[in-house]
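Student: Starting off with a structure, shown below.
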Amino acid sequence: MLRLGDIAPNFKAKTSNGEIDFYDYLGDSWGVLFSHPADYTPVCTTELGRTASLKPEFDKRNVKVMALSVDSVESHKGWINDINETQNTEVNFPIIADEDKSISEAYGMLHPNASATLTVRSLFIIAPDKTVKLIITYPASTGRNFQEILRVIDSLQLTAYHSVATPADWKDGEDVVVSPAIKTEDIPAKFPKGHKVIKPYLRTTPQPNK
Ligand code: BEZ
């Protein structure tokens, strides 16, 4: 079972965009890999449509997206026409056809007590060094919130590039939390926009990249 900090396993897969090596596809980008239970189902149709519409947001953050289900490439291709038609978009990322379930197994996307045959709604955020940074699992009946996925990517990138963390319910543009690894006396040099010491362990600063 994959855990945070583990290296995301590489794989070669048949996809709606042809055969793809996952690491080659990601290159130096961040990645989102997500599974859905089945093609031609209502919630999945809305999820993949929403993901396609958010491409400019993923691009802005240097994120490549890939979806997965255990259905075939032919099924994916037919369904993509429906997604494009009904969700007013153009699916612009590959969908893996994991018919032998090898990738689903490697990523723990099969939860046999939820479904004997179909993947659940798993989602992984993968950093450029291929470490797994986020794992979420939703049931088939609940579509994921892709604004929340973008929010987590923003938070992870702030941590990676600016040594800050984000507090509960943080939104882009709000104050962030200085990493506990930074000594209070070192804060002014590192965060020249200012800071507040609310407790010795709770220091905030304006979002550094705004
Ligand atoms: C859906 O995407 O709507 C769905 C898929 C599998 C089970 C239930 C709902």
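Read-outs throughout are calculated quantities, based only on the coordinates presented, and are distinct from any laboratory measurement. Bear in mind that the values here come from a model prediction, so they are computed numbers and not experimental data. Please note: Cβ atoms are built from the backbone with ideal geometry, for glycine as well, and neighbour counts cover all protein chains shown.
Student: Out of all the residues in the range 185-202, is one or more hydrophobic (A, V, I, L, M, F, W, C), in a loop (DSSP other than H, G, I, E, B) and loosely packed, with under 13 Cβ neighbours inside 10 Å? Outline the logic, then answer.
Tutor: Filtering the range 185-202 for residues hydrophobic (A, V, I, L, M, F, W, C) gives 187, 189, 191, 197-198, 202.
Still in the running and in a loop (DSSP other than H, G, I, E, B): 191.
In the following step, the residues that additionally are loosely packed, with under 13 Cβ neighbours inside 10 Å were identified as none.
Within the range 185-202, not a single residue is hydrophobic (A, V, I, L, M, F, W, C), in a loop (DSSP other than H, G, I, E, B) and loosely packed, with under 13 Cβ neighbours inside 10 Å.
Student: Residues of the range 114-135 being more than 16 Å from the ligand (Cβ to nearest atom) and either within 11 Å of the chain's Cα centre (by Cα) or within 20 Å of Glu99 (Cα to Cα) (or both), which ones?
Tutor: Taking the range 114-135 first, the residues more than 16 Å from the ligand (Cβ to nearest atom) are 124-135.
Passing the criteria: Phe124, Ile125, Ile126, Ala127, Val132, Lys133, Leu134, Ile135.
Student: Could we say that Ser16 is surrounded by fewer than 17 Cβ atoms within 10 Å (Cβ to Cβ), in contact (Cβ under 8 Å) with a residue 24 or more places away in the chain and farther than 19 Å from Lys133 by Cα here?
Tutor: Values: surrounded by fewer than 17 Cβ atoms within 10 Å (Cβ to Cβ): no; in contact (Cβ under 8 Å) with a residue 24 or more places away in the chain: yes; farther than 19 Å from Lys133 by Cα: yes.
Spelling it out, it is not the case that Ser16 is surrounded by fewer than 17 Cβ atoms within 10 Å (Cβ to Cβ), in contact (Cβ under 8 Å) with a residue 24 or more places away in the chain and farther than 19 Å from Lys133 by Cα.
Student: Out of curiosity, is Lys60 among the charged types (D, E, K, R), surrounded by 15 or more Cβ atoms within 10 Å (Cβ to Cβ) and away from the ligand (no atom under 14 Å from the Cβ)?
Tutor: Details: among the charged types (D, E, K, R): yes; surrounded by 15 or more Cβ atoms within 10 Å (Cβ to Cβ): no; away from the ligand (no atom under 14 Å from the Cβ): yes.
No.
Student: For the range 155-184: of the residues being outside any loop (DSSP other than H, G, I, E, B) and not aliphatic (A, V, I, L, M), which is nearest to Arg61 (Cα to Cα)?
Tutor: Step one: of the range 155-184, the residues outside any loop (DSSP other than H, G, I, E, B) are 155-162, 164-165, 176-178, 184.
Within this subset, residues satisfying the condition of being not aliphatic (A, V, I, L, M) are 155, 157, 159, 161-162, 184.
Values: Ser155: 11, Gln157: 8, Thr159: 14, Tyr161: 12, His162: 15, Thr184: 30 Å.
Looking at residues that are outside any loop (DSSP other than H, G, I, E, B) and not aliphatic (A, V, I, L, M), I get Gln157.
Student: Further, regarding this structure: Out of the residues in the range 26-44 that are more than 19 Å from Ser115 (Cα to Cα) and buried (at least 18 other Cβ atoms within 10 Å of the Cβ), state the one that is nearest to the chain's Cα centre (by Cα). Quick ask: steps written out before the conclusion?
Tutor: Our first condition is that a residue be more than 19 Å from Ser115 (Cα to Cα); within the range 26-44, this holds for 26-33.
Checking the rest, the ones that are also buried (at least 18 other Cβ atoms within 10 Å of the Cβ) come to 26, 30-33.
On the way: Leu26: 13, Trp30: 9, Gly31: 6, Val32: 4, Leu33: 6 Å.
Restricting to residues being more than 19 Å from Ser115 (Cα to Cα) and buried (at least 18 other Cβ atoms within 10 Å of the Cβ), the top hit is Val32.
Student: How many residues are part of a helix (DSSP H, G or I) and either acidic (Asp, Glu) or more than 23 Å from Gln157 (Cβ to Cβ) (or both) when one looks only at the range 1-60?
Tutor: Of the range 1-60, the ones part of a helix (DSSP H, G or I) are 22-26, 42-53, 55-60.
Keeping just the survivors that are either acidic (Asp, Glu) or more than 23 Å from Gln157 (Cβ to Cβ) (or both) gives 24, 42-49, 57, 59.
Total meeting the criteria: 11.
Quick grid of which residues meet (1) in contact with a helix residue (DSSP H, G or I) (Cβ under 7 Å, 6 or more places away or on another chain); (2) assigned to a loop (DSSP other than H, G, I, E, B); (3) buried (at least 19 other Cβ atoms within 10 Å of the Cβ):
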{"site": "Thr86", "(1), (2), (3)": "yes, no, no"}
{"site": "Glu90", "(1), (2), (3)": "yes, yes, no"}
{"site": "Ile96", "(1), (2), (3)": "yes, no, yes"}
{"site": "Asp100", "(1), (2), (3)": "no, yes, no"}
{"site": "Glu105", "(1), (2), (3)": "no, no, no"}
{"site": "Thr117", "(1), (2), (3)": "no, yes, no"}
{"site": "Pro128", "(1), (2), (3)": "no, yes, no"}
